[in-house]
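S.K.: Sharing a structure here in structure tokens format.
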Amino acid sequence: MHDIPEDIVVDTAQVKVTQAPNRLVALGVGSCVVITFYDPVLKVGAMAHAMLPDSTKSGPTSNPFKFADLAIDQVIRKMESLGSQRQNMEAKIVGGANMFPSLRHESLRAGEENVHAVKEKLKKDGIRLAGEVVGGSVGRSVEFDITSGIVTVRVKI
Amino acid sequence: MGTKILLVDDSAFTRQIVRNALNGRGYREVIEAENGEEGLRKYETERPDLVLLDVIMPDLHGTEVLKKIMLMDENAKVVMLSAVGQEKIVKICNKLGAFGYIVKPFDERQLVSTVEKTLRAKEKRNRKPLAKLTEFEEDALREVGHMGVQYAATALSKMIGQTVKAKLLVTRMDSLAALPGMVGDRESIVSGIYLPVTGDILGSVLMVFPQKSAFLLVDLLLKKKLGTTKELDELDKSALSEAANILTGNCLTALSQILGMHLVEHVPDFAHGMVGAVIDNVAVVFGQKAERALIIQVELSTEEKIKIVGYFFLLFILKEAHAMLRAIRAKAGA
């Protein structure tokens, strides 16, 4: 094996796909939702880092993958283009926190809505949800190891 | 998720008719506001899919409410409700960005068909993209921010009973996404205080203190021996929120005076955690509307040579930045 594992950072509104032995990483995730997709057969994985639940409620944007629905569409497209089949894909979700727990301003309540939208979208697309670490009021960092399929969540307070 | 409709009308009678008509067509989530101010507050908190807005109300004229909603959210879908014979107002409302107009008395079918048409409309017709700010304009905004910060330092001096000097490290218009890089990285721990701003400009202020500075500030505010605070309890958070509240209040007072605008801050919300997480949570509120903000990084230093670094973000949508500039120009010309 001469492949050197690489850590690929997935920033807000990005979608990335890679193969073993690489890792996909998202740092400081709050109300955003990180969605990981894994195909254990092909050892292919993808990560989306979405910020808002629903693109249909918004005007045109230069940055479509900040919306959970469009980001998931893109993940599925990318996985399929690498030969992955939908029935082999499994998803995990991390984030959807509310960093301002006092919530005097309702408009800050974004996390819950993001998680709800992602779950609905996965259900609609027939993707199995294999795990989740969501909610609360804590920031999280996510590491997704494509070799093992393991998603590690780090919390720092 | 169902469709959320906000109904702003001072007449309980009209509200009941509209609510019944909408409920009858399966629109269960109808939020009511009985005046303009309440309508604006509910728009901010509820973010409805559609607003039905009366033109004549006792507190604020419907066109004023419409203007403010459009400033808050340029994608807002607002349909005006009013009595016959107000054709002039129809034109004004169209210009301001209203999607449609329903004349009272209306029948149910007409109401529902307008509502449905508006909800289906994907997007506003020919919305012009806003021009970016020129260097000169950015300079003017920086100057305004600079003066606001001096006021904030004076306020902090009073709170902790010793002279505080404010040194501006960075002032620039930048993307919110630039913040984590300024503090350290996305995982750096910070305290963040968020305060919405309303009045002539709609936006918000986010103050961010890196952990070490937050601890020092708590020591100063609560008159503890420096270095005592190692983690934040509820009282500490409340002290930081209150400090941010007062600093922001002073800063906004300065801006109000300079710009001749009326700016009101609202109660603070407090967050503690990874800066990436805090910033993104605030960015969500603005969605795509405030990709750039006026960012002011300040170093506050006390007589005892204690240095506290704080970041002060004035988040306004670009349209609002233009409104500020118009005010600056008007002042300069006066």
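Where a number appears in this text, it was derived from the coordinates with a stated rule and is not lab data. Computed from a prediction, not measured in an experiment: that's the story for all the values here. Note that we place each Cβ from the backbone using ideal geometry, even for glycine, and neighbour counts take in every protein chain shown.
S.K.: Across the stretch A:66-84, what is the total count of residues that are more than 12 Å from chain B (Cβ to nearest Cβ), touching a helix residue (DSSP H, G or I) at 6+ places or on another chain (Cβ under 7 Å) and surrounded by 23 or more Cβ atoms within 10 Å (Cβ to Cβ)?
M.R.: The number of residues fulfilling the criteria is 2.
S.K.: Output the number of residues of the stretch B:22-42 satisfying the condition of being part of a strand (DSSP E or B) and free of Cβ contacts under 8 Å to residues at least 24 places away in the same chain.
M.R.: 0
S.K.: Which of the residues belonging to the stretch B:189-239 are over 30 Å from B:M70 (Cβ atoms), part of a strand (DSSP E or B) and either out of contact with any Phe, Trp or Tyr (no Cβ under 7 Å at 6 or more places or on another chain) or without any contact (Cβ under 8 Å) to a residue 24 or more places away in the chain (or both)?
M.R.: Matches in the stretch B:189-239: B:I189, B:F209, B:P210.
S.K.: Now for a different question. Looking at the stretch A:109-132 only, could you name the residues that are within 30 Å of B:P268 (Cα to Cα) and in contact (Cβ under 8 Å) with a residue 40 or more places away in the chain?
M.R.: Once the filter is applied, which keeps residues that are within 30 Å of B:P268 (Cα to Cα) and in contact (Cβ under 8 Å) with a residue 40 or more places away in the chain, the stretch A:109-132 yields A:A110, A:G111, A:E113, A:N114, A:V115, A:H116, A:A117, A:V118.
S.K.: Of everything in the stretch A:1-43 that's of a type in the set (S, T, N, Q) and within 30 Å of B:V285 (Cβ to Cβ), which residue is farthest from the other protein chains (Cβ to nearest Cβ)?
M.R.: Across the stretch A:1-43, the extreme among qualifying residues is A:T36.
S.K.: Same structure, new question: Out of curiosity, is A:L103 surrounded by fewer than 15 Cβ atoms within 10 Å (Cβ to Cβ), within 30 Å of B:P268 (Cα to Cα) and at the interface with chain B (Cβ under 10 Å from one of its Cβ atoms)?
M.R.: Answer is yes for this residue.
S.K.: Taking into account only those residues within the stretch B:1-16 that are hydrophobic (A, V, I, L, M, F, W, C) and without any contact (Cβ under 8 Å) to a residue 24 or more places away in the chain, which is farthest from B:M70 (Cα to Cα)?
M.R.: Looking at the filtered set, the residue picked out is B:F13.
S.K.: For the list (1) among the polar types (S, T, N, Q); (2) over 30 Å from A:V142 (Cβ atoms); (3) within 12 Å of another protein chain (Cβ to nearest Cβ), I need the number of the one condition that B:N281 fails.
M.R.: Checking B:N281 against (1) among the polar types (S, T, N, Q); (2) over 30 Å from A:V142 (Cβ atoms); (3) within 12 Å of another protein chain (Cβ to nearest Cβ), the one that fails is (2).
S.K.: Looking at B:A271, is it surrounded by 18 or more Cβ atoms within 10 Å (Cβ to Cβ) and within 13 Å of chain A (Cβ to nearest Cβ)?
M.R.: Spelling it out, B:A271 is indeed surrounded by 18 or more Cβ atoms within 10 Å (Cβ to Cβ) and within 13 Å of chain A (Cβ to nearest Cβ).
S.K.: For the subset of the stretch B:1-21 comprising residues that are away from chain A (no Cβ under 13 Å) and in a loop (DSSP other than H, G, I, E, B), which member is surrounded by the most Cβ atoms within 10 Å (Cβ to Cβ)?
M.R.: Among those residues, the one meeting the criterion is B:D9.
S.K.: Take the conditions within 14 Å of another protein chain (Cβ to nearest Cβ), outside any helix (DSSP H, G or I) and on the phi > 0 side of the Ramachandran plot and apply them to A:G136. Does it pass?
M.R.: In short, yes.
S.K.: Okay, next question. Return the only residue of A:K119, A:K124 being of a type in the set (K, R), farther than 18 Å from A:M51 by Cβ, out of contact with any Ser or Thr (no Cβ under 7 Å at 6 or more places or on another chain) and more than 9 Å from every other protein chain (Cβ to nearest Cβ).
M.R.: A:K124
S.K.: Let me ask something additional. Kindly indicate whether A:V151 is hydrophobic (A, V, I, L, M, F, W, C), more than 14 Å from chain B (Cβ to nearest Cβ), closer than 22 Å to A:V25 by Cα and touching a residue at least 60 places away in the same chain (Cβ under 8 Å).
M.R.: yes
S.K.: If you go through the stretch B:57-77 one residue at a time, how many are surrounded by fewer than 21 Cβ atoms within 10 Å (Cβ to Cβ) and without any contact (Cβ under 8 Å) to a residue 40 or more places away in the chain?
M.R.: 7
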